[in-house]
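Colleague: Sharing a structure with you now.
The values are calculated or read from the model by the stated rules, or taken from the named source; none is laboratory data. Keep in mind that this is a model prediction, so the values were computed, not measured. Neighbour counts are summed over all protein chains in view; Cβ atoms, including those assigned to glycine, are modelled from backbone coordinates with ideal geometry. Heads up: the accessible areas ignore ligands, DNA and RNA and are worked out on the full protein's heavy atoms, side chains in. Shrake-Rupley method; radii C 1.70, N 1.55, O 1.52, S 1.80 Å.
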Amino acid sequence: MTEQQGRLAAYWERQLDKLDEREQRRARKLPGWRTRKRRRTLTLVVAAGDAGLIVAAAVFKTTPPWVFFVLWLGAFVVGGAGFVLLRILTGRISGGFSRLLDEREREWRHRITFIGYEVLVYLMIVAMFYAMAVADLPEGGWRGAMMLSALLVTGATIPSIVLGWSLPDDDPEDFEEGMGND
């Protein structure tokens, strides 16, 4: 290994250690919410936010502008807040590097990544057909672009939604052990 490669490897090790420390701090947040019931509630909130974005995109340029902005902004705030909380509760599986995951977490991550990819592909096909359907209508390009963006955001949230819905409750003993390592 050259000197430059060695420095680069050391740099990445330091960055991964920082990410691991950040994840340890995040794992201590919201201890009372780390149940399947809470995660499933948040998945429904995120799904409602996604549905709101899709509805807002569907009514874009067909209703008064304030209707679109209220729907879009409301769905964005609700879905975004739910998504951030869900990412905290699903932990490093949804966003960590493979090195920081154990075998079980790595397997979960591979599964949800594949599911998310498949759903995103199907959503992009729906967006393509929607864009073709509205292409000849007034403001068809804008309407197609808004639907594309709404479906893209929806596809990006699918892995967290699947994790939030399907992960079992956290083991309280593991959580308590993590709390005592300060």
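Colleague: Within the stretch 89-101, restricting attention to residues that are at pLDDT below 80, among the hydrophobic types (A, V, I, L, M, F, W, C) and not in a loop (DSSP other than H, G, I, E, B), which residue is nearest to residue 47 (Cα to Cα)?
Modeller: Across the stretch 89-101, the extreme among qualifying residues is 93.
Colleague: Condition (residue is open to solvent by 80 Å² or more (accessible area, probe 1.4 Å), in contact with a helix residue (DSSP H, G or I) (Cβ under 9 Å, 6 or more places away or on another chain) and modelled with pLDDT of 75 or more) applied to the stretch 39-47: is it met by at least one residue?
Modeller: The answer is yes; a qualifying residue exists.
Colleague: Looking only at the stretch 16-38, which residues are modelled with pLDDT under 75 and not basic (Lys, Arg)?
Modeller: Correct list: 16, 17, 19, 20, 21, 23, 24, 27, 30, 31.
Colleague: Whether any residue in the stretch 167-182 is farther than 17 Å from residue 34 by Cα, modelled with pLDDT of 95 or more and open to solvent by 30 Å² or more (accessible area, probe 1.4 Å) is what I want to check.
Modeller: No, because not a single residue in the stretch 167-182 is farther than 17 Å from residue 34 by Cα, modelled with pLDDT of 95 or more and open to solvent by 30 Å² or more (accessible area, probe 1.4 Å).
Colleague: While we're on this one: Residues of the stretch 102-159 being outside any helix (DSSP H, G or I) and either under 21 Å from the mean Cα position of the chain (by Cα) or within 23 Å of residue 73 (Cβ to Cβ) (or both), which ones?
Modeller: 102, 139
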